[in-house]
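What follows is a short report on a single structure.
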Amino acid sequence: MNRRTGSRWMIAVAAIFVLVGCGTTVTGKPTAAGGPSPSTQFDKLLHECDAVSDEEISSTVGGNDIERYFLGAICMWDVSVPSGRVDVTFAWFENNSLAHERDVAGQLQYDVTDVKIKGASAFQALRPGNPAACGVTVNYSGVITWWVQSVGSANGPDPCEAARELAELTMNRNL
C-alpha cells in the first residue's frame, strides 16, 4: 500500500468512527431549551383557532361570509361585510406576558389603553392614523390577542368593540 492510499484509508476509517460514535439513543420526552416544564399542559394546543367559531367571528364583525386562510400560532380570517372586507387575526401565546406585548405595542407607537376583559388585565391598541384597525390583548394563559381591521372602507364595524367581544368569547369558551 503506498502512502497516498494509506492516508485515504485512514481518513475513511476515522470518518466511520466519527459517524458511528455520533449515534446515540436518548430516552424520555424531548423539550426545547428554555421551554415549558414537563408538568405544563397545553390542552388546547393546535385548537387555538377554534377558540371562537367562524360563525361567531363573522357575526361579531357583521359579516355574511368568512374564510379562514391561515392557521398556526397566529390564525387569520377574511370576512365579507356589506361595506367591504374585515381582516381578523387571533394569536394565543402560552409563554408570553402582557408586559412584553405592551412593550412591543409601545415600540410600534400604538396608542395603548388599559382595559379589563372578564376581570382580566388587558390593553387595547390602536395604530396611529388608522382608526379602522384595533387590537385587544388579554393576560390569559399567557396572552391572547384579537386584531380587527376594516379593509377598503371606513364604514366597517368598530374594530375595538369587535376585538373586545372576540376576546370575551374566547375567555367564555375556555374558563
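Other residues lying with their Cβ under 9 Å from the Cβ of residue 137 contribute a combined charge of 0, Lys and Arg counting +1, Asp and Glu -1. Under the simplified labelling scheme, the residue 114-residue 73 pair shows an inter-label distance of 2.9 nm, with each label point 7 Å from Cα along Cα→Cβ. For residue 102, the solvent-accessible surface with a 1.4 Å probe is about 80 Å², rounded to the nearest 10.
The values are calculated or read from the model by the stated rules, or taken from the named source; none is laboratory data. Keep in mind that this is a model prediction, so the values were computed, not measured. For neighbour counting, all protein chains shown are included, and Cβ atoms are generated from backbone atoms with ideal geometry for every residue, glycine included. To get the accessible areas, we keep the full protein, side chains included, count just its heavy atoms, and leave off ligands, DNA and RNA. Shrake-Rupley method; radii C 1.70, N 1.55, O 1.52, S 1.80 Å.
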